[in-house]
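**Q** My questions will all concern the structure given below.
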Amino acid sequence: MSAQKVCPLDELAPDAARRVVLDGVAIAVVRDSSGAVHAIGDTCTHGDISLSEGFVEDDGLECWAHGSKFSLTTGKPLNLPAYEPVPVFAVEIVDGDVYIDPAVRLEV
Ligand code: FES
């Protein structure tokens, strides 16, 4: 498996999340307010909710259902009710395009 092109970098709005599915893996892609791009698992660990439908706030992505916010860098929930992390994926920017490998989960 290798990194797959997701979209041009300039298609990602700041402080917004986009859902992509790569090889059956749902991933929330987020460009934060500093311009950094993050990729974390898109399914909330508290329920079957797409995190990319939630809210980007500071360093996290908040689930709209019950308010757990997941760190964009570690995937860990920053508050209850979720207590299990979502996976974190490596992001590469090559020639202005965003690439993610859904098979490579970062240990953070
Ligand atoms: S389903 Fe996400 S916090 Fe409950």
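**Q** Please find, within the stretch 71-95, the residue that is nearest to the ligand (Cβ to nearest atom) out of those that are assigned to a strand (DSSP E or B) and closer than 18 Å to residue 21 by Cβ.
**A** Step one: list which residues in the stretch 71-95 are assigned to a strand (DSSP E or B), which gives 71, 77, 88-94.
Among the residues that remain, those that are also closer than 18 Å to residue 21 by Cβ are: 88-91.
Details: 88: 17, 89: 19, 90: 24, 91: 23 Å.
Restricting to residues being assigned to a strand (DSSP E or B) and closer than 18 Å to residue 21 by Cβ, the top hit is 88.
**Q** For the list (1) more than 13 Å from the ligand (Cβ to nearest atom); (2) at pLDDT 95 or above, I need the number of the one condition that residue 2 fails.
**A** (2)
**Q** Identify all residues within the stretch 11-22 that are among the charged types (D, E, K, R) and at pLDDT below 95; write none if there are none.
**A** Of the residues in the stretch 11-22, the ones among the charged types (D, E, K, R) are 11, 15, 18-19.
Matches in the stretch 11-22: 15 only.
**Q** Can I ask one more? Out of the residues in the stretch 45-67 that are assigned to a loop (DSSP other than H, G, I, E, B) and more than 10 Å from the ligand (Cβ to nearest atom), state the one that is surrounded by the fewest Cβ atoms within 10 Å (Cβ to Cβ).
**A** Step one: list which residues in the stretch 45-67 are assigned to a loop (DSSP other than H, G, I, E, B), which gives 45-49, 54, 58-59, 63-67.
Checking the rest, the ones that are also more than 10 Å from the ligand (Cβ to nearest atom) come to 58-59.
On the way: 58: 12, 59: 17.
By that ranking, first place goes to 58.
**Q** If you check 29, 98, 108, 6, which single one turns out to be among the β-branched types (Val, Ile, Thr) and assigned to a loop (DSSP other than H, G, I, E, B)? First the steps, then the outcome.
**A** Details: 29 fails: assigned to a loop (DSSP other than H, G, I, E, B); 98 fails: assigned to a loop (DSSP other than H, G, I, E, B); 6 fails: assigned to a loop (DSSP other than H, G, I, E, B).
Selected residue: 108, the only one of 29, 98, 108, 6 that is among the β-branched types (Val, Ile, Thr) and assigned to a loop (DSSP other than H, G, I, E, B).
**Q** Also, quick follow-up: Output yes when any residue across the stretch 28-51 is under 17 Å from residue 108 (Cβ atoms) and in contact with a Cys (Cβ under 6 Å, 6 or more places away or on another chain), and no when none is.
**A** yes
**Q** In the stretch 1-26, which residue that is under 22 Å from residue 44 (Cβ atoms) and among the charged types (D, E, K, R) is surrounded by the most Cβ atoms within 10 Å (Cβ to Cβ)? I'd like the intermediate steps shown before the answer.
**A** Keep residues of the stretch 1-26 that are under 22 Å from residue 44 (Cβ atoms), which gives 6, 12-13, 15-26.
Applying the additional criterion that residues be among the charged types (D, E, K, R) yields 15, 18-19, 23.
Numbers: 15: 13, 18: 18, 19: 14, 23: 9.
Among them, the one singled out is 18.
The values are calculated or read from the model by the stated rules, or taken from the named source; none is laboratory data. This structure is a prediction, so every number in the text was calculated from the model and none was measured. Backbone-built Cβ (ideal geometry, glycine too); neighbour counts: all protein chains shown.
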